[in-house]
Amino acid sequence: MNVLSIDVSAATTTLQPLGLTIEKQYVGARGVATRMLFDLFEPGRDALDARAPIIFATGPLTGTTFPMGSRFIAAAKSPLTGTVFNSSCGGRLGVHLRKAGIDVLIVTGKADRPSYLFVEDGNAQVFDASPLWGTEKSHVKAYLREKHGKDVSILLIGKAGETGVLFANIENDGRYLGRGGLGAVLGSKNIKAVAVKAKGGNRINVPDPDMFSFVAYECKKWLAANPVTSEALPQFGTGVLLNLMREMGLLSSRNYRDPAPFESANISGEMVTSTLLKKRRACPFCPVACGRITRYGEGPEYESLWSLGANLAIFDLEKVAELNALCNELGMDTISAGVVVAMACELAEKGVIPLSPAYGDANAVSRIINEIAQRTGPGAILSQGTKKISAHFEVSDAGAEVKGLELPAYDPRGAYGNALGYATSNRGGCHLPGYFIGTEVLGIPKLLDRFGVQGKATLLARQQNAFAFMDTLCLCRFAAFAIPTDYHARIASAVTGRKFTWEETQQIGERIWNLERLFNIREGVEPDTLPRRFATFPLEEMFREYYAVRGWDEAGVPTAEKLETLGLP
Ligand code: SF4
C-alpha cells in the first residue's frame, strides 16, 4: 500500500510504502487507519491541534468491481467525543485515490490561509482557497471542476467545518463522512476541499481474476435474492425502516421522551419515494443504490427523517427535506444537529436556556441550525454538542449521547443488544459498529428476543469484529443483510490472494476493536455507559458478560494476556 503524507503547514509531501507487518496485521482501510492514527497521534493532544492527523484510507476492494466494495475510511481523533473516530463513505474519493497511485492519504499541519488540496499521480499540492471560503458548496465544486477537470472526485466541508462546529461533517460526491466532527478537523487545518484526479485507464488489478469474478458473482446472487437488498432498500432507501421502527416502539419523539406518533408515516421512506424522489443514487459498483436524490438534493435518509422529523415533532415531509438540505449545505451531521436541537427544546421548556421551544416549528429549527453553523447566539454553545451543553448548563440526563456522540434513530429501550452496542461502541453512541438492530429486529443472522439480556454479548462482540473487518475491506455495512459474515474470508482471499480463514477475519476485527479501545483509554475517554433516561434494564449485567467475552477486566480495559494474543502494544 502506498501512503502519501502531506503537511499542509509547509506544503511538503512524502510517498512511502506501508510496512508489510502493518499491512499483514491490519489489511486495509479501518485497520490500517486506526493503527496509523494510534502511532502518529501524540497522546493528550487536542483533536483540533494542527499536528493531529486526519487519515483517508482505502481497502483492498476499493476501486475493484466488487459489489458494494468501493468505499473508503476517514480516521481522526474526534473533536466531539475525544475518541478514535472511523467513518466510512461511499463517495468516489477512495476509487480515485487508488487510481492516482495512493492507498492512504495523511493530512497534518495547518495551512496559513484557506486552502484546498489537489491530488494527482501520487502527489498532492496545496492551492489557495481564499475565494472559496464561506461560499456555497455548488460554487466550490464548480470552481474545482473548472480548474482540474469535471471528473475529479471532490471532498469538501461546509460553513460548519469552517467555523469549527464539533459535529461538522465532510461531503464527498454527495455522500458523507457524517459523524464525529471530522469536518471540523479538516476546517481546523484551513483545508476547504480535496480534489482527486484518477489516472485514466488505471485499473485496480486483483491477483486471481477468475476467483475474484466468481466470488463477486456469488455475492451478486445473494444480493439479488435478499428482499432487503433487492427490493426494500432500492425502492424506498433507508427510510423504509421508519414505519417498521415506529410500529415496534423503537422510534421516539421530543428528545426520546415520547414514542413517535402514527403521523410519522408522513415522513417515511415510502412517502419520500412517492412524493420527492427524482432518482436513486448508488455508491461506485453498488447494485443496491439505496441513496435518494430528491427535489431537495441528497436525501433525506432514515436517520435524518427521524432526527430532523419525528425527533423534533415535525411531520411535514417537505419541511424535513428542507432542514436536511440545510444541514447538507452547511456541512453538519443531521443526527447530531437534530438531537442537539431537541435537547435545546427540552431545556427551553424547563426554563434552563432562553430559547423559544421549537418542537414542531420547522422555521425555528432552521433558524437555530443556521445559528449553530455561524456559532452565534445560542448556536455558540449548541455547536459544541450535547455533552458540552450539559456541562455548560450543569444539567444531567437531557443529552441523548454516549461518550459525547448523539444517539441515532433506534431507541435503546426497545432493543437491549443494540443499547449494549451504543454503550460499548468505541466511537460513542452509534448503531453501526455492531448493527444489532439487524439481529433484534430483522433477524440477521438470527432473531433474538430484543428485550433479552443474557447471551447477547458473544454475538455483539462477533459482529463488532466482523464489521470492523468489513470496514477494512471497504465493504458496505448493508451487504451484511444478504452476505453472511463468514463469507468475508472468501472475499478477502479472492481480492488479496492471501488465504484467510473466518477465525483470522475475526481476529483482525478484534485487533482493530482492541486498538481503538486502547486509543480511547490513552485519551482518558469515559467508561462505557448509557444516559440515565435509558437505564431501564440491567445494563451492568450485560457489561459484565460483554467484558468477559472480550477478555477485558471489569472496568472494560483489555488485559495484558488479551493484548499479547492480538500482538498489540
Ligand atoms: S447499499 Fe447504499 S450505502 Fe451501501 S454501497 Fe450501496 S448505495 Fe452505498
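The values are calculated or read from the model by the stated rules, or taken from the named source; none is laboratory data. On a predicted model such as this, the values are computed, not experimentally measured, just so you know. Reconstructed Cβ throughout: ideal geometry from the backbone, glycine too, with neighbour counts over all protein chains shown. Only protein heavy atoms, including side chains, enter the accessible area calculation; ligands, DNA and RNA are left aside. Shrake-Rupley method; radii C 1.70, N 1.55, O 1.52, S 1.80 Å.
Tabulated data for the structure shown
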| read-out | value |
| --- | --- |
| Selection count, the range 98-120, where residues are more than 29 Å from ALA337 (Cβ to Cβ) and open to solvent by 10 Å² or more (accessible area, probe 1.4 Å) | 7 |
| Test: residue in the range 252-269 that is within 15 Å of the ligand (Cβ to nearest atom) and in a strand (DSSP E or B) | no |
| Count of residues meeting criterion [more than 16 Å from the ligand (Cβ to nearest atom) and either buried (at least 24 other Cβ atoms within 10 Å of the Cβ) or modelled with pLDDT under 95 (or both)] in the range 284-313 | 7 |
| Candidates GLY134, GLY183, GLY161 - the one that is at positive phi and open to solvent by less than 40 Å² (accessible area, probe 1.4 Å) | GLY134 |
| Qualifying residue in the range 480-490 (condition: more than 16 Å from the ligand (Cβ to nearest atom), open to solvent by 10 Å² or more (accessible area, probe 1.4 Å) and not in a helix (DSSP H, G or I)) | yes |
| Test set (1) within 15 Å of the ligand (Cβ to nearest atom); (2) under 13 Å from the mean Cα position of the chain (by Cα); (3) open to solvent by 10 Å² or more (accessible area, probe 1.4 Å) - VAL95 fails condition number | (2) |
| Test result for VAL341, among the β-branched types (Val, Ile, Thr) and assigned to a helix (DSSP H, G or I) | yes |
| Selection within the range 496-519 - assigned to a helix (DSSP H, G or I) and either within 16 Å of the ligand (Cβ to nearest atom) or open to solvent by 10 Å² or more (accessible area, probe 1.4 Å) (or both) | THR496, TRP502, GLU503, GLU504, GLN506, GLN507, GLU510, ARG511, ARG517, LEU518 |
| Where a residue in the range 491-507 is outside the structural domain of THR472 (by TED's automatic domain parsing) and touching a residue at least 60 places away in the same chain (Cβ under 8 Å) and its partner, wherever it lies, is open to solvent by 10 Å² or more (accessible area, probe 1.4 Å) and part of a helix (DSSP H, G or I), with Cβ under 7 Å and at least six apart | none |
| Qualifying residue in the range 274-285 (condition: part of a helix (DSSP H, G or I) and either under 24 Å from GLY94 (Cα atoms) or without any contact (Cβ under 8 Å) to a residue 12 or more places away in the chain (or both)) | yes |
| Qualifying residue in the range 264-273 (condition: surrounded by 24 or more Cβ atoms within 10 Å (Cβ to Cβ), within 20 Å of the chain's Cα centre (by Cα) and assigned by TED's automatic domain parsing to the domain that holds GLY338) | no |
| Of the criteria (1) open to solvent by less than 30 Å² (accessible area, probe 1.4 Å); (2) within 16 Å of the ligand (Cβ to nearest atom); (3) over 18 Å from PRO408 (Cβ atoms), which one ARG280 fails | (1) |
| Filter pass, LYS319 being more than 14 Å from the ligand (Cβ to nearest atom), open to solvent by 30 Å² or more (accessible area, probe 1.4 Å) and either part of a strand (DSSP E or B) or modelled with pLDDT under 95 (or both) | no |
| Residue in the range 4-13 that is under 30 Å from GLN384 (Cβ atoms), open to solvent by less than 40 Å² (accessible area, probe 1.4 Å) and not aliphatic (A, V, I, L, M) present | no |
| Some residue of the range 387-395 being assigned by TED's automatic domain parsing to the domain that holds ARG532 and in a loop (DSSP other than H, G, I, E, B) | no |
| Of the criteria (1) within 28 Å of GLN374 (Cβ to Cβ); (2) within 16 Å of the ligand (Cβ to nearest atom), which one TRP222 fails | (1) |
| Residue within the range 163-173 that is over 17 Å from LEU80 (Cβ atoms), within 16 Å of the ligand (Cβ to nearest atom), part of a strand (DSSP E or B) and not hydroxyl-bearing (Ser, Thr, Tyr) present | yes |
| Selected residue (criterion: surrounded by the most Cβ atoms within 10 Å (Cβ to Cβ)) from residues of the range 18-43 that are among the charged types (D, E, K, R) and closer than 13 Å to ALA57 by Cβ | ARG30 |
| Single unsatisfied condition, GLY524 versus (1) touching a His at 6+ places or on another chain (Cβ under 6 Å); (2) on the phi > 0 side of the Ramachandran plot | (1) |
| ARG413 being in a loop (DSSP other than H, G, I, E, B) and modelled with pLDDT of 95 or more | no |
| Residue count, the range 186-201 (criterion: free of Cβ contacts under 8 Å to residues at least 60 places away in the same chain and either outside any loop (DSSP other than H, G, I, E, B) or surrounded by 24 or more Cβ atoms within 10 Å (Cβ to Cβ) (or both)) | 1 |
